[in-house]
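> Below is the structure I would like to discuss, written out as structure tokens.
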Amino acid sequence: MQLSLVKSSGKNAKEAEIQVSDKVFGQEFNEPLVHQVVTAYLAAGRQGTHAQKNRAAVRGGGKKPWKQKGTGQARAGTIRSPIWRGGGVTFAAQTQSYKQKVNRKMYQGAMRSIYSELLRQGRLLVIETMEVKTHKTSDLLKKLQDMKLDKVMLILDEVDNNIYLAARNLPHVDVRDVVATDPVSLLHYSNVLMTVPALRQIEENLA
């Protein structure tokens, strides 16, 4: 598959094309697989540290508050009953892990499907190199505006310090290396701009 490179001016460079792997960027969109992987990724991000005390975990209440009969009150065995003030929670939440099992082949298949769909939709752009002379936000912003990109995720083979610092104040711009890319971020941004070395790394990882 031939893919045209993008100039910094935002126009497709017809004379500059590269060959990309059909196995990575020419797959059909597998929506059930992508949904499963995205759901698992979001679930793994949950801390699961919420916890409440049930009647067994609340301190005290070992003694029966009053005798069983003769007082005219309801029968009670402990003051830590869930229906008492200060008692335990009936269905207390406990710490747990929300992780879902996703094997490597499934994850790689979902990533190939996402990259292929981004390319079909015209949201995946490839540039030879991505550099800014200074760490000023205005320099990076001007370069992105020249390419007519607003909400964009930059994927580099190695994160450049100037680009990283320049992008910190841009709320709709994210800079990552190939290892740090994830399916949720790829689907979140309107456009994905990657360099040729980053593209080759992706092909090597997903081939």
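> For the chain, set up a GNM with springs between Cα atoms under 10 Å and report which of ASN162, ASN191, ASN54 has the largest fluctuation.
Most flexible of the set in this elastic network: ASN54.
> From the cross-link list LYS23/LYS105; LYS7/LYS105; LYS7/LYS133; LYS23/LYS142; LYS7/LYS142; LYS53/LYS99, which pairs have alpha carbons spaced over 25 Å apart?
LYS7/LYS105; LYS23/LYS142
> If you build a Gaussian network model of the chain, linking Cα atoms that sit under 10 Å apart, which residue out of ALA166, ALA43, ALA56 swings the most?
In the Gaussian network model the winner is ALA56.
> Also, quick follow-up: Decide, for segment 46-104, between rounded, prolate and oblate: order the square roots of the alpha carbon gyration tensor eigenvalues as a ≥ b ≥ c, take rounded if a/c falls under 1.5, and otherwise choose prolate if a/b is larger than b/c, else oblate.
Since a/c reaches 1.5 and a/b is larger than b/c, the shape of segment 46-104 is classed as prolate.
> Please report the base-10 log of the normalised intensity I(q)/I(0) for the chain, using a Debye sum with one equal scatterer per alpha carbon and no solvent, at each q in 0.19 (1/Å).
Debye intensities relative to I(0), on a log10 scale: -1.32.
> Taking loop as defined by DSSP and a crowding limit of 14 other beta carbons within 10 Å, which trypsin sites (Lys or Arg not before Pro) in segment 100-133 fit?
For trypsin sites (Lys or Arg not before Pro) across segment 100-133 that sit outside H, G, I, E and B with at most 14 neighbouring Cβ atoms in 10 Å, the list reads LYS101, LYS133.
Values in this text are rule-based calculations from the coordinates and carry no lab data. Worth saying up front: this structure is predicted, and the values here are computed from it rather than measured. Ideal geometry is used to build each Cβ from the backbone, glycine not excepted, and the neighbour counts take in all protein chains shown.
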